[in-house]
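Following: one structure in structure tokens, then a few remarks.
The values are calculated or read from the model by the stated rules, or taken from the named source; none is laboratory data. As the structure is a computational prediction, the values presented were derived from the model and not from experiment. In this analysis, Cβ positions are derived from the backbone assuming ideal geometry, glycine residues included, and neighbour counts consider all displayed protein chains.
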Ligand code: FDA
């Protein structure tokens with residue numbers, strides 16, 4: 001069962017079930033075959049190889065099927081935690097790289113960049129650059145993004161040098177290809193698969209799930225149930241009735257019109273976010289086409305008008321689809337023998353690509369804390385509190401994108417500017433107004449901020465967002481002399497000029513598996 005082998009690395013021996021323990025956790029049922037379900041099943045097989053894992057999904061209930069932009073934590077999660085060979089992923093899924101997000105809003109005509117290296121030292125110049133109007137040139141990754149390049153260099157004779165490993169980057173994934181890949185991998189790695197619609201859930205006297213009943217009347221018994229049933233929240237919400245905490249005061253969007261748009265072969269190394277009349281549009285590059293989606297509020301715009309507006313932005317858009325959603329979380333993700341991961345527990349609209357990031361965090365929490373037996377104490381309280389806090393932090397960070405957006409020309413944006421609830425970050429806003437970047441503030445003040453207004457994205461993330469949106473503050477002086485910044489900027493410019501356009505860099509990875517293998521180096 002994997003004991004003693006290299007796959008045992010990182011496995012907590014206390015989580016292995018004891019012989020003859022009638023309350024041992026041996027059979028886990030994962031309900032749902034979206035990314036949440038498949039990633040969970042694969043993680044359980046990788047880290048608890050003795051578990052008998054069954055994934056139950058209904059082919060009659062489609063997966064969300066969008067959500068291709070990820071965050072940097074996805075890369076080590078796939079390759080190190082799940083042990084997925086990068087070469088295999090690149091062959092089967094053909095991801096593109098994401099170095100950050102480009103926001104087409106704020107006072108600067110070109111908008112602003114939110115690169116993943118926003119926490120690097122050079123972010124210190126952001127404040128000064130903001131005043132000089134060159135807000136897009138404050139880190140190496142933002143320079144690469146501005147020129148659609150990736151840090152891969154042609155050495156001649158078909159040889160390439162890649163610096164991808166040295167910077168935080170994420171993947172854009174074509175969701176259909178990704179889920180197909182995960183499905184095949186799960187079968188290879190011993191995940192059982194049942195195609196059935198769960199029609200009924202039986203509880204025991206303690207209110208724990210006893211068994212499931214399929215539409216065909218079959219009974220499915222497990223020791224632990226992971227609810228990955230998406231917005232239906234079949235076990236956590238519908239069956240157990242765990243209360244829901246809506247984020248509507250901060251995040252008012254509830255629908256997306258999605259489509260695909262042909263591109264000319266040039267691939268942007270970032271996700272683009274563009275303001276629209278009643279929300280914003282994502283543009284996510286895949287190898288063959290761009291995936292786009294207009295996130296908006298149905299209160300302010302009907303479906304036809306939203307589709308028409310998206311078509312005006314992208315006249316070649318086709319394969320339109322409508323996705324309805326709500327932003328919020330349940331009070332708990334873990335109750336009794338049910339743990340919910342993915343949209344069944346919580347969701348916020350995709351402004352910062354938090355869906356898959358939080359799914360991986362939920363999986364780490366599950367694998368790290370599931371006891372060997374239900375007779376052992378299970379740390380439900382701490383997992384519930386910690387994940388709820390993370391979701392709340394994301395809610396507040398996203399709310400800043402609306403409250404301080406510079407658009408004022410439609411009813412939606414006027415409403416967003418006047419009524420978006422940002423109260424969770426009030427202490428931080430108070431400090432920001434007194435001087436930014438926040439990262440330059442006195443360490444004691446920064447410490448207070450971490451305690452009173454923590455944000456998932458750190459102070460550098462808030463600096464980037466608020467300065468990028470032009471929220472007034474007193475700009476603090478740069479931490480390094482202008483001459484040394486100028487020299488570093490010149491060096492970065494010359495490096496970027498030699499970097500390959502993103503599509504050529506990706507092609508190098510397709511033909512040189514050695515470059516993929518380097519991603520696995522520690
Ligand atoms: P999903 O809905 O995909 O799957 C649910 C599964 O449960 C299905 O397999 C279904 O068959 C099964 N099921 C339901 N009821 C059942 C029953 N009774 N019996 C049996 N099976 C049942 N994330 C991100 O990281 N980056 C992004 O850019 C985006 N963008 C984005 C845009 C929009 C508009 C939305 C709505 C969401 C995103 N996301 C995202 C979020 C991302 O799509 C989402 O988090 C993942 O796809 C995970 O979805 P789930 O697996 O939770 O549910």
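Quick check on my filter: what residues within the stretch 52-82 are crowded, with 21+ Cβ neighbours inside 10 Å, away from the ligand (no atom under 11 Å from the Cβ) and under 23 Å from residue 209 (Cβ atoms)?
53
Could you grab me the full set of residues in the stretch 139-158 that are in contact (Cβ under 8 Å) with a residue 60 or more places away in the chain and either part of a strand (DSSP E or B) or over 22 Å from residue 119 (Cβ atoms) (or both)? Quick ask: steps written out before the conclusion?
Quick first cut of the stretch 139-158, residues in contact (Cβ under 8 Å) with a residue 60 or more places away in the chain only: 140, 143-145, 147-154, 158.
Scanning the stretch 139-158 gives 148, 149, 150, 152, 153, 154, 158.
I need the full set of residues from the stretch 160-173 which are in contact (Cβ under 8 Å) with a residue 40 or more places away in the chain, part of a strand (DSSP E or B) and either in contact with a strand residue (DSSP E or B) (Cβ under 6 Å, 6 or more places away or on another chain) or away from the ligand (no atom under 16 Å from the Cβ) (or both), in order please.
Restricting attention to the stretch 160-173, the residues satisfying the condition of being in contact (Cβ under 8 Å) with a residue 40 or more places away in the chain are 160, 162, 164-165, 167-173.
Next, from what is left, pick out any that are part of a strand (DSSP E or B): 160, 162, 170-172.
The answer is 160, 162, 170, 172.
In the stretch 336-389, which residues are farther than 27 Å from residue 275 by Cβ, part of a helix (DSSP H, G or I) and near the ligand (Cβ under 9 Å from one of its atoms)? Working first, answer last.
Within the stretch 336-389, the subset farther than 27 Å from residue 275 by Cβ is 336-342, 344-345, 359-389.
Remaining after also requiring part of a helix (DSSP H, G or I): 359-369, 380-389.
Scanning the stretch 336-389 gives a single hit, 359.
Restricting to the stretch 500-521, name every residue that is under 23 Å from the mean Cα position of the chain (by Cα) and not in a helix (DSSP H, G or I).
Result: 519, 520.
Please determine whether any residue of the stretch 5-28 is modelled with pLDDT of 95 or more, surrounded by 15 or more Cβ atoms within 10 Å (Cβ to Cβ), under 19 Å from residue 190 (Cβ atoms) and within 11 Å of the ligand (Cβ to nearest atom).
Among the residues of the stretch 5-28, not one is modelled with pLDDT of 95 or more, surrounded by 15 or more Cβ atoms within 10 Å (Cβ to Cβ), under 19 Å from residue 190 (Cβ atoms) and within 11 Å of the ligand (Cβ to nearest atom), which makes the answer no.
Determine if the stretch 252-271 includes at least one residue that is more than 20 Å from residue 292 (Cβ to Cβ) and in contact (Cβ under 8 Å) with a residue 12 or more places away in the chain. Give the derivation first.
If we filter the stretch 252-271 for residues that are more than 20 Å from residue 292 (Cβ to Cβ), which is where we start, we get 252.
Checking which are in contact (Cβ under 8 Å) with a residue 12 or more places away in the chain leaves us with 252.
There is at least one residue in the stretch 252-271 that is more than 20 Å from residue 292 (Cβ to Cβ) and in contact (Cβ under 8 Å) with a residue 12 or more places away in the chain.
Is there a residue in the stretch 174-184 that is part of a strand (DSSP E or B), within 16 Å of the ligand (Cβ to nearest atom) and surrounded by fewer than 19 Cβ atoms within 10 Å (Cβ to Cβ)?
Initially, the stretch 174-184 is screened for residues part of a strand (DSSP E or B), giving none.
No - not one qualifying residue is present in the stretch 174-184.
Quick check: is even one residue across the stretch 391-410 in a helix (DSSP H, G or I), closer than 30 Å to residue 223 by Cβ and in contact with a helix residue (DSSP H, G or I) (Cβ under 9 Å, 6 or more places away or on another chain)? Please lay out each step first, then the result.
Within the stretch 391-410, the subset in a helix (DSSP H, G or I) is 391-403.
Subset that is closer than 30 Å to residue 223 by Cβ: 391.
Of the ones still in play, those that are also in contact with a helix residue (DSSP H, G or I) (Cβ under 9 Å, 6 or more places away or on another chain) are 391.
Yes, the conditions are met somewhere in the stretch 391-410.
Quick one: which residue in 414, 324, 403 is more than 27 Å from residue 42 (Cα to Cα) and without any contact (Cβ under 8 Å) to a residue 12 or more places away in the chain?
Values: 324 fails: without any contact (Cβ under 8 Å) to a residue 12 or more places away in the chain; 403 fails: without any contact (Cβ under 8 Å) to a residue 12 or more places away in the chain.
Exactly one of 414, 324, 403 is more than 27 Å from residue 42 (Cα to Cα) and without any contact (Cβ under 8 Å) to a residue 12 or more places away in the chain, namely 414.
Of the conditions (1) at pLDDT 90 or above; (2) surrounded by 19 or more Cβ atoms within 10 Å (Cβ to Cβ); (3) under 26 Å from residue 103 (Cα atoms), residue 494 satisfies every one except a single condition; which number is it?
The failed condition is (2).
Could you list all residues from the stretch 286-296 that are within 16 Å of the ligand (Cβ to nearest atom) and surrounded by fewer than 19 Cβ atoms within 10 Å (Cβ to Cβ)? Working first, answer last.
So the first thing to find is which residues in the stretch 286-296 are within 16 Å of the ligand (Cβ to nearest atom), and the list is 286, 289-296.
Answer for the stretch 286-296, where residues must be within 16 Å of the ligand (Cβ to nearest atom) and surrounded by fewer than 19 Cβ atoms within 10 Å (Cβ to Cβ): just 289.
Look through 499, 505, 486 and report the one residue that is over 21 Å from residue 400 (Cα atoms), surrounded by fewer than 15 Cβ atoms within 10 Å (Cβ to Cβ) and either at pLDDT 90 or above or out of contact with any strand residue (DSSP E or B) (no Cβ under 9 Å at 6 or more places or on another chain) (or both).
On the way: 499 fails: surrounded by fewer than 15 Cβ atoms within 10 Å (Cβ to Cβ); 505 fails: surrounded by fewer than 15 Cβ atoms within 10 Å (Cβ to Cβ).
Of 499, 505, 486, the one residue that is over 21 Å from residue 400 (Cα atoms), surrounded by fewer than 15 Cβ atoms within 10 Å (Cβ to Cβ) and either at pLDDT 90 or above or out of contact with any strand residue (DSSP E or B) (no Cβ under 9 Å at 6 or more places or on another chain) (or both) is 486.
Say whether the condition of being away from the ligand (no atom under 16 Å from the Cβ) and modelled with pLDDT of 95 or more is met by at least one residue in the stretch 119-132.
So in the stretch 119-132, the residues away from the ligand (no atom under 16 Å from the Cβ) come out as 119-132.
Add one more test, that the residue is modelled with pLDDT of 95 or more, and what stays is none.
No, there is no match, as no residue in the stretch 119-132 is away from the ligand (no atom under 16 Å from the Cβ) and modelled with pLDDT of 95 or more.
Got a sec? Which of 466, 459 is at pLDDT 85 or above, touching a strand residue (DSSP E or B) at 6+ places or on another chain (Cβ under 8 Å) and part of a helix (DSSP H, G or I)? Explain how you work it out, then say what you get.
Numbers: 459 fails: touching a strand residue (DSSP E or B) at 6+ places or on another chain (Cβ under 8 Å).
Criteria check complete, one pass: 466.
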